[in-house]
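Below: the structure, in structure tokens.
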Amino acid sequence: MAAAAPILLITGPEELLLHREAQRILARHREQAGGELDVAEVRGPELGEQGLPDLRTASLFGGQRAVVVREAQALPAAAARALAAELDGSPPEALVLLLATSLGRIQTLAKRIKDAGGRIDVAPPREYEEGKWRRLITDELARHERRIDDQGVEALLERAGTNVSAIAEKAAQVAAGAPAGTITAEHVEQLVVGHGSRGSFAVADAMCERQPQLALTRLRGVLADGDEPVMVLGALAYRLRALLAVAARLDAKAVGLRISDGQRRRLQGLRRNFGPGELTAAVRVLADADAEMKGGELPGELILERAVVAIADRDLDVQPRRVVPSVSGAGR
């Protein structure tokens, strides 16, 4: 439905993904036009000076035309009104693609386009949607006509993190440097440096999978990306609370948690990595880390690393603490 609209609005927070979606639409239209498509690209803010391109005149060579407007969220009011007017009456000769990272200044135009069936929302995967992040990597390498195996995808994800631009950059890097054939984890390790941030919940996943080295690697990527240790600690505690809620079959909303069906299945799998008493012990480790961060002298990063490794290392002390009574008053 959206592809038949005279003006398409492609919106989402990641400019690179908007550009990729525009490329897919243009490729489809180019194929439908027999390989000929005259494409003009402009920036939204510039339309205040040069005005809207002529959308009612056919190409000089009789082929189809397309106009791509980048940074459409910054369209001047006059240009936005002119585009809205193009939705009235007969459709324009040219296909118009508006790429916008937000809708604040173009709300009215966006609603008109949506009503006409031309709005396309493009969002990056959520932090926990591992499969979609992996697919993003394979798609990026496919753009370079390269294939990558599962271990290579995981290695590249560790180095790029959940950052769309970093994935595109590092995928291009390994595609250019790896020898012919399928790209492997070894190629990634040889050609791509650094550890990207996959987010605090990716640290929590590795911790709950009881993989200390992976958890530590991801944690260092998150901290290097600028996340505050206390905020990361909060995400880890949230994940453990969710695990406890799933283990106890509690109503998530009743205890202040939002758990989708997909997340619940994921949490049920993680729950099996903890033996009797270990989840409670893990919560205790994070509580101790929180107290130490607020009142101790050690750096928060070190406190967090020790807590994450302690939980992931399958060596948790599940014995309850014994409170030793004070003897200072004995003999009184």
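Only the coordinates and a few stated rules stand behind these numbers; no lab work does. Computed from a predicted structure; not experimentally measured. We place every Cβ from the backbone using ideal geometry, glycine too, and count neighbours over all the protein chains shown.
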What is the helix-to-structure angle for 164-177, meaning the angle in degrees between its Cα long axis and the longest Cα principal axis of the chain, kept from 0 to 90 and rounded to the nearest 10? 80 degrees
Who wins for biggest fluctuation among Val96, Val255, Val285 in a Gaussian network model of the chain, springs between alpha carbons below 10 Å? Val255
Among Lys132, Lys114, Lys294, rank each residue by its count of other Cβ atoms within 10 Å, from fewest to most, as a rough exposure measure. Lys294, Lys132, Lys114
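What number, rounded to the nearest 500 deg cm²/dmol, is the helix-based mean residue ellipticity at 222 nm of the chain, given -39500 (n - 2.57) per DSSP H run of at least four residues and division by all its residues? Walk me through the numbers before you get to the answer.
On the way: 14 runs with 170 residues, N = 332.
Taken over the chain, the calculation gives -16000 deg cm²/dmol.
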Relative to the longest principal axis of the chain, what angle (0 to 90°, nearest 10) does the C-alpha long axis of helix 300-312 take? 80 degrees
Between 0 and 90 degrees, rounded to the nearest ten: what's the tilt of helix 130-143 against the longest Cα principal axis of the chain? 40 degrees
Final fewest-first order of Tyr128, Tyr238 on the 10 Å Cβ neighbour count is Tyr238, Tyr128
Spin-label model distance (nm) - Ala33 vs Gln107, 7 Å beyond Cα toward Cβ: 3.5 nm
Qualifying aspartates and glutamates (Cα of each under 16 Å from Cα of Lys253; at least 8 residues distant if same chain): Asp261
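Report the Stokes-Einstein translational diffusion coefficient (µm² s⁻¹, integer) for the range 200-312, Rh taken as the Kirkwood radius over Cα pairs, at 25 °C with viscosity 0.890 mPa s.
Values: Rh = 14.2 Å.
For the chosen part, D equals 173 µm²/s.
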Nearby lysines by direct alpha-carbon distance to Lys170 (threshold 24 angstrom, same-chain neighbours under 8 apart not counted): Lys132
So, with points 7 Å from each Cα along the Cβ direction, the Val230-Glu189 label distance in nm works out to 3.9 nm
1/(1 + (r/R0)^6) with r = Cβ-Cβ of Leu250 and Glu15, R0 = 45 Å, i.e. FRET efficiency to nearest 0.05, evaluates to 0.65
Going fewest to most other Cβ atoms within 10 Å around each Cβ, Arg159, Arg258 line up as Arg258, Arg159
Ala78 versus Arg271, label points 7 Å from Cα toward the beta carbon: distance in nm? 6.3 nm
Projecting each Cα onto the charge dipole of the range 130-191 (Lys/Arg +1, Asp/Glu -1 at the beta carbon, about the Cα centre), which of Val153, Ala171, Leu191 comes out farthest on the positive side? Ala171
Starting from the Cα-Cα distance between Asp121 and Leu257, subtract it from 0.36 nm times their residue separation and give me the gain in nm to one decimal. 46.3 nm
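Compute, for the chain, the length of the dipole vector about the Cα centre, with Cβ point charges of +1 (Lys, Arg) and -1 (Asp, Glu) only. Units Debye, rounded to 20. Write out the running numbers ahead of the final one.
On the way: 44 positive and 46 negative charges, 267 e Å.
About 1280 debye.
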Selected from Gly300, Thr217, Leu250, residue furthest toward positive end of dipole (the chain; charges at beta carbon): Leu250
If you take Cα extents along the principal axes in Å from the coordinates, which of (1) 103, 50, 37; (2) 75, 54, 35; (3) 51, 49, 36 do you get? (1)
Choice from Arg105, Arg119, Arg314 with maximal GNM fluctuation in the chain (Cα, 10 Å cutoff): Arg105
